[in-house]
Amino acid sequence: MLSGKTALVTGSTSGIGLGIARALAAEGANIVFNGFGNADDISALLSSTAQEFGVQTVHHNADMSKPAEIEALFAYAAQQFGGIDVLVNNAGIQFVANVEDFPVEKWDAIIAINLTSAFHTTRLALPRMRQQNWGRIINLASAHGLVGSAGKSAYVAAKHGLVGFTKVTALETAQTGITANAICPGFVLTPLVQKQVDDRAARDGLANDDAKRALLADKQPSGDFVTPEQLGALAVFLCSDLAIQVRGAAWNVDGGWVAQ
Ligand code: NAD
């Protein structure tokens, strides 16, 4: 379905981004990986993905909090593949503290990585998408793009902002072959959430599995984690021709979290 197209997935060396990159590669898209990690692991990831799915893969280590590095990433993608057809804004970080204790530099980093980077990638991706009248923009927001949780002010503000930005992007492209949508996952067991499991285990003196259950019980009625594969399948649908009228959605995949 996506053969001959190029997908950039920010923050795709781990977790959800990796799951989405693999799902798009399985549909034939060439992948521009981005994100941090050990150089040998990243090069193994590039070759295993290329081999498994018969696509081309490259990596650029732009720090998504730095606009100049995001511009360099787009220049690299243009030079490698001609440009980006599918943009998945996924890179993100978390930090938990009450507002009055929230470190200012953590607030700034979360807003820069989880929100402002999507503005930069989108403004850089749109000219080519408009020229070819085809493009898909998928923003990884969160259940926290729709509802709040104590201790997560910067994250909730960034994700609500990302949902709003998605709506405006969708409206500005409404009569084109470009769509913009947000995916709003509940808890997915990635390194980002494992840290919250570890904190819960330490705080309440729980074993790892009990801390996972406690975290889910707070928020996610299904009692199960969402998986990167499930999110990859939704991203593939959003890239399909049949999804052309799905515009500006904030699609929760959250075990019932925001239905409460
Ligand atoms: P993760 O920690 O497993 O992966 C984050 C990725 O982002 C990694 O590849 C990391 O290298 C990259 N990254 C971090 N800072 C970066 C930066 N400054 N520049 C470039 N890359 C950077 O996290 P995840 O759980 O897979 O989260 C992915 C996205 O999904 C995030 O936006 C997160 O907010 C969102 N999300 C996660 C969950 C969850 O439960 N895990 C739920 C809802 C939304």
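The values are calculated or read from the model by the stated rules, or taken from the named source; none is laboratory data. Note that the coordinates shown come from a computational prediction; the quantities given were computed from them, not determined experimentally. Reconstructed Cβ throughout: ideal geometry from the backbone, glycine too, with neighbour counts over all protein chains shown. Only protein heavy atoms, including side chains, enter the accessible area calculation; ligands, DNA and RNA are left aside. Shrake-Rupley method; radii C 1.70, N 1.55, O 1.52, S 1.80 Å.
Things worth noting here:
- Meets criteria (buried (at least 18 other Cβ atoms within 10 Å of the Cβ), more than 10 Å from the ligand (Cβ to nearest atom) and hydrophobic (A, V, I, L, M, F, W, C)) for ALA77: yes
- Counted residues, region 213-222 - those being open to solvent by 40 Å² or more (accessible area, probe 1.4 Å) and over 21 Å from the mean Cα position of the chain (by Cα): 5
- Meets criteria (outside any helix (DSSP H, G or I) and either more than 21 Å from the chain's Cα centre (by Cα) or away from the ligand (no atom under 14 Å from the Cβ) (or both)) for ARG203: no
- Of the residues making up region 159-178, those that are under 28 Å from PHE225 (Cα atoms) and in contact (Cβ under 8 Å) with a residue 12 or more places away in the chain are LYS159, HIS160, GLY161, LEU162, VAL163, PHE165, THR166, LYS167.
- Residue within region 100-120 that is free of Cβ contacts under 8 Å to residues at least 24 places away in the same chain, outside any helix (DSSP H, G or I) and closer than 30 Å to ALA174 by Cβ present: no
- For region 11-26, the condition holds for at least one residue, the condition being that it is more than 12 Å from the ligand (Cβ to nearest atom), small (Gly, Ala, Ser), assigned to a helix (DSSP H, G or I) and under 15 Å from the mean Cα position of the chain (by Cα).
- Single residue of ALA211, ALA154 found to be in contact with a Lys or Arg (Cβ under 7 Å, 6 or more places away or on another chain) and over 19 Å from ASN114 (Cβ atoms): ALA211
- The lone exception for HIS144 - which of (1) under 14 Å from the mean Cα position of the chain (by Cα); (2) in contact (Cβ under 8 Å) with a residue 60 or more places away in the chain it fails: (2)
- Residue within region 54-70 that is closer than 18 Å to HIS120 by Cβ, assigned to a helix (DSSP H, G or I) and under 17 Å from the mean Cα position of the chain (by Cα) present: yes
- Residue match in region 39-46 (condition: touching a Ser or Thr at 6+ places or on another chain (Cβ under 8 Å) and either open to solvent by 40 Å² or more (accessible area, probe 1.4 Å) or within 9 Å of the ligand (Cβ to nearest atom) (or both)): yes
- Residue list for region 143-179, filter: in contact with a His (Cβ under 7 Å, 6 or more places away or on another chain) and within 13 Å of ALA249 (Cα to Cα): GLY145
- Residue count for region 176-200, restricted to those that are surrounded by fewer than 17 Cβ atoms within 10 Å (Cβ to Cβ), more than 9 Å from the ligand (Cβ to nearest atom) and of a type outside the set (Val, Ile, Thr): 3.
- THR173 vs. criteria in contact with a strand residue (DSSP E or B) (Cβ under 9 Å, 6 or more places away or on another chain), at negative phi, more than 16 Å from the ligand (Cβ to nearest atom) and at pLDDT 95 or above: yes
- Checked against (1) over 17 Å from VAL258 (Cβ atoms); (2) among the polar types (S, T, N, Q); (3) over 14 Å from the mean Cα position of the chain (by Cα); (4) surrounded by fewer than 21 Cβ atoms within 10 Å (Cβ to Cβ), SER149 passes all but condition (1).
- Evaluation of GLY17 against (1) touching a residue at least 60 places away in the same chain (Cβ under 8 Å); (2) farther than 27 Å from ALA112 by Cα; (3) not β-branched (Val, Ile, Thr) (one fails), failing number: (2)
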